[in-house]
Amino acid sequence: MRLLGFGILKGMAVTLENFVRSYFDRDRRHHLFTKEYAWEPGAPAEVLPARADTTVTAHSRNFPILLHDGADPMGGIRCVACQICERECPPQCIYIEKDYDEQGKYIKRPAIFDIDLSVCMSCQICVEVCPFDAIVMDSQFELSTANRFGGLLQHRDQLLKSNEYYHRIHPEEARARDDRMAQEKAEKEAKQAAADAAKKKAAEAKAAAEIAAEKSKPEPSAPTAGGAA
Amino acid sequence: MSAAAATAAASYSLVRQPAMETGLLEVSMGPHHPSTHGVFRMDVRLDGETVVALKPVFGYLHRNHEKLAEGMSYLASMPFTDRLDYFNSMTNNWAYALAAEQLLPIEVPERAQYLRVIMAELTRLVNHTSLVGFFLNDLGALGTPLLYAFRERERILDLFEQASGARMMCNYFRFGGLRCDVPEGWLARARAVVDAFPRFLDEFEKLLCENEIVLARTQRVGVLSGAQAVNAGITGPMLRASGVNYDLRKVDRYGIYERFAFRVPLGSAGDCYDRFMIRLLEMRESLKILDAALRDIPTGPVMGNAPRVFKPAASETYGRVESPKGELGFYLIADGTTKPYRYRVRPPSFINLTVLEDLCVGHTIADAVVILGSVDIVLGEVDR
Ligand code: SF4
Ligand code: SF4
């Protein structure tokens with residue numbers, strides 16, 4: 001005969017087992033405790049966790065930052081203010097203004113680059129569309145501020161982080177990106193060199209042809225010696 | 001009865017109002033009610049405790065998803081699809097990528113195909129475990145099953161985070177493949193999670209399936225017949241719980257599903273218990289698929305030869321996948337520009353919700369909560 005309440009007792013056995021095991025099962029113990037975020041409160045933002053059990057891994061992303069090469073943020077800024085990311089950002093939280101020098105000439109860097117983190121949805125589309133590898137995702141989670149309105153509006157100088165910082169937070173991704181950039185650069189240079197060589201050759205050929213033409217004018221019967229150059 | 005009481009009763013009957021006597025009680029459950037899984041309202045008319053009419057009211061979470069997508073490039077609405085059914089961002093991504101890949105054919109590399117299947121089936125595990133947990137929560141088993149479910153879900157979300165950078169808003173699929181490959185060691189970690197999962201399912205079944213209270217509260221409650229389900233356009237586990245054998249993974253064989261051996265569990269009664277059991281059984285089948293996929297996955301690129309700017313020629317298409325909640329479809333009309341002319345989502349939980357009144361009428365209001373839980377809705381998808 002089926003004992004009424006047997007199923008309930010069976011269920012209670014499961015909960016009891018879980019309770020007891022939570023003290024002994026290493027795997028469960030690890031998973032039963034709340035994990036903390038990466039940065040200890042008060043630690044400088046550039047310090048990365050040494051702890052293994054953080055939820056922030058080398059792969060997590062939250063908000064975009066701008067990268068610069070070298071020590072001087074504005075000297076090495078990679079962004080050229082092409083505004084592709086501004087156009088593509090799905091919730092339209094990027095605002096860019098181009099920078100001009102005194103003569104009104106565009107100098108390929110942003111005068112204003114604002115990202116409203118209260119609107120940003122951490123989607124990484126800006127990173128993907130940027131043709132200059134200028135913008136990448138950060139993993140800084142401790143961003144709360146007391147100011148509701150402007151507090152999360154990040155300006156260019158707050159967004160600028162060094163490439164070394166990027167290597168620290170996303171080592172694998174950063175290495176891959178650097179490798180690809182180096183490769184692209186090499187390809188571009190090779191192409192440029194090839195183009196230059198071709199141009200030089202064409203120019204030489206043209207010059208030679210001109211010389212030949214010059215020579216052939218006064219003395220139509222003279223042989224065109226320069227033509228073979 | 002004393003004389004005084006009799007007179008009181010008599011005088012009471014004198015002032016009775018006929019309109020009140022018929023006494024249907026109207027209750028507005030929600031929009032902020034813990035049982036409604038988000039911001040959703042049920043206007044319920046009750047005769048005593050029995051539901052005589054029920055009107056679902058939704059739209060509280062409307063975010064203009066479709067119109068927004070028509071104003072931005074094809075790629076830019078990919079992250080918005082994550083936010084439709086925020087439990088299953090991977091399958092949402094897949095449905096949208098599938099539709100877009102029909103507009104502009106791009107060959108998806110082998111490894112990406114396998115990873116897509118792995119991600120989709122992990123998503124199914126996430127969805128079904130949490131659904132069972134929430135369902136038991138609605139039944140009054142506060143906490144325990146839900147926390148067990150979330151404990152397991154956590155491991156899968158960790159996998160998602162390592163692969164895509166985010167736990168829930170993954171934004172991982174691209175037209176022609178995936179955004180990036182999984183990091184080193186990921187497949188081994190996924191394997192460990194998949195291998196440990198059956199133990200959890202055993203435990204879960206032991207905890208719940210024979211529990212007399214669960215049986216009493218769910219069997220013969222909210223019965224949906226197969227014919228009614230088909231007529232209403234119900235899809236997913238809810239349809240299969242009513243005994244209709246229809247699973248897009250078998251019907252459409254999108255992706256590489258024809259390579260995997262798995263069965264489609266079917267219910268017979270179409271009640272809440274069947275809907276609950278179907279989810280547990282489907283998880284076992286998902287594990288089989290995961291097992292095979294993790295074994296066979298090749299190495300190679302994860303992104304096909306996609307153009308830098310996605311600009312399909314004028315055409316229209318409908319792409320659909322079997323999301324954990326049912327048939328999720330994207331209907332796209334391209335007009336030759338970089339933006340879709342029309343972008344329409346067929347959300348499974350919205351359409352599954354349309355039979356809610358038929359399921360609830362005749363049951364008590366406490367059962368209405370259980371029935372809603374067994375439908376498995378996510379308001380982000382219902383309201384869009
Ligand atoms: S992560 Fe997404 S939402 Fe945030 S700035 Fe980049 S494109 Fe915009
Ligand atoms: S971050 Fe990249 S895409 Fe955006 S403006 Fe700068 S260079 Fe252009």
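Values in this text are rule-based calculations from the coordinates and carry no lab data. Predicted model only: the values in this text are computed from it and were never measured. Virtual Cβ from ideal backbone geometry, glycine too; neighbours counted across all protein chains shown.
Table for the structure above
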{"quantity": "Burial ordering of B:I365, A:I125, fewest other beta-carbon atoms within 10 Å first", "calculated": "B:I365, A:I125"}
{"quantity": "Order of B:Y246, B:Y273 under a 10 Å beta carbon neighbour criterion, fewest first", "calculated": "B:Y246, B:Y273"}
{"quantity": "Long-range amide H partners of A:D138 with built H, under 5 Å", "calculated": "A:N62, A:F63, A:I65"}
{"quantity": "The protein assembly as shown: antiparallel DSSP beta bridges as a percent of all, rounded to 5", "calculated": "95 percent"}
{"quantity": "Charge context of B:S28, other residues only, Cβ under 12 angstrom, K/R +1, D/E -1", "calculated": "+1"}
{"quantity": "For region B:318-328, Karplus couplings with θ = phi - 60° (6.51, -1.76, 1.60), whole Hz, Gly/Pro x", "calculated": "9, x, 9, 9, 8, 6, x, 9, x, 7, 9"}
{"quantity": "Segment B:A188-B:T299, extension gain: residue separation times 0.36 nm, minus the distance between their alpha carbons", "calculated": "38.6 nm"}
{"quantity": "Peptide B:202-208 - average C-beta neighbours from other chains (10 Å radius)", "calculated": "4"}
{"quantity": "Amide H contacts of B:S323 (H built 1.01 Å from N, under 5 Å, at least 5 apart or other chain)", "calculated": "B:L328"}
{"quantity": "Ranked packing of A:175-184, A:8-17, most packed first, by mean Cβ within 10 Å", "calculated": "A:8-17, A:175-184"}
{"quantity": "Relative contact order (%) - region B:258-376, alpha-carbon pairs under 8 angstrom, separation at least six", "calculated": "18 percent"}
{"quantity": "Listed residue (B:G373, B:N352, B:F330) projecting farthest to the positive dipole end of region B:283-384, Cβ model", "calculated": "B:F330"}
{"quantity": "Partners for A:K108 among aspartates and glutamates (Cα-Cα distance below 17 Å; same-chain residues under 8 apart left out)", "calculated": "A:D69, A:D72, A:E86, A:E97, A:D99, A:D133, A:D157"}
{"quantity": "Charge dipole of region B:100-150 about the Cα centre (unit charges at C-beta), most positive-ward option of B:L104, B:L147, B:F135", "calculated": "B:L147"}
{"quantity": "Cα lying deepest toward the dipole's positive end in the protein assembly as shown, options A:A182, B:F310, A:G5, charges on Cβ", "calculated": "B:F310"}
{"quantity": "³J(HN,Hα), Karplus 6.51/-1.76/1.60, whole Hz, each residue of region B:239-255, x for Gly, Pro", "calculated": "5, 5, 5, 8, x, 9, 8, 8, 9, 4, 5, 8, 6, 8, 6, 5, x"}
{"quantity": "Cβ-Cβ FRET estimate between A:A176 and A:K206, R0 fixed at 60 Å, reported to 0.05", "calculated": "0.85"}
{"quantity": "Net +/- balance of residues flanking A:A190 in space, Cβ distance below 14 Å, scoring K and R +1, D and E -1", "calculated": "-1"}
{"quantity": "Cβ-Cβ FRET estimate between B:K311 and A:K191, R0 fixed at 22 Å, reported to 0.05", "calculated": "0.30"}
{"quantity": "Relative contact order (%) - region B:43-138, alpha-carbon pairs under 8 angstrom, separation at least six", "calculated": "18 percent"}
{"quantity": "Average partner coverage of A:6-18, which counts Cβ from other chains inside 10 Å", "calculated": "5"}
{"quantity": "Where N is the number of residues in the protein assembly as shown, Cα Rg divided by 2.2 N^0.38 Å", "calculated": "1.24"}
{"quantity": "Sequence ranges A:196-208, A:92-104, B:127-139, ranked by mean other-Cβ count within 10 angstrom, highest first", "calculated": "B:127-139, A:92-104, A:196-208"}
{"quantity": "Relative contact order [Cα under 8 Å, 6+ residues apart], chain B, whole percent", "calculated": "26 percent"}
{"quantity": "Peptide A:58-64, shielding by other chains (average Cβ, 10 Å cutoff)", "calculated": "4"}
{"quantity": "Axial C-alpha extent at least 20 Å, average Kyte-Doolittle at least -1.0 - helices from chain B (DSSP)", "calculated": "B:89-103, B:110-139, B:144-164, B:186-208, B:272-296"}
{"quantity": "Cα-centred dipole magnitude for chain B, charges only on beta-carbon of K, R (+1) and D, E (-1), debye, nearest 20", "calculated": "820 debye"}
{"quantity": "Calculated from backbone phi, Karplus (6.51, -1.76, 1.60) coupling profile of region A:196-203 in Hz, x at Gly/Pro", "calculated": "4, 4, 5, 5, 4, 4, 4, 4"}
{"quantity": "For B:I371, net neighbour charge (Lys/Arg +1, Asp/Glu -1) across residues whose Cβ lies under 14 Å away", "calculated": "-4"}
{"quantity": "Built amide H within the under 5 Å cut-off of B:L178, gap 5+", "calculated": "B:M303, B:G304"}
{"quantity": "By average C-beta atoms within 10 angstrom, highest first, the peptides B:192-198, B:202-208", "calculated": "B:202-208, B:192-198"}
{"quantity": "Kirkwood Rh in Å, taken over all unlike Cα pairs in chain B", "calculated": "22.2 Å"}
{"quantity": "Trypsin sites (Lys or Arg not before Pro) within region B:55-106: DSSP coil, no more than 16 neighbouring Cβ in 10 Å", "calculated": "B:R63"}
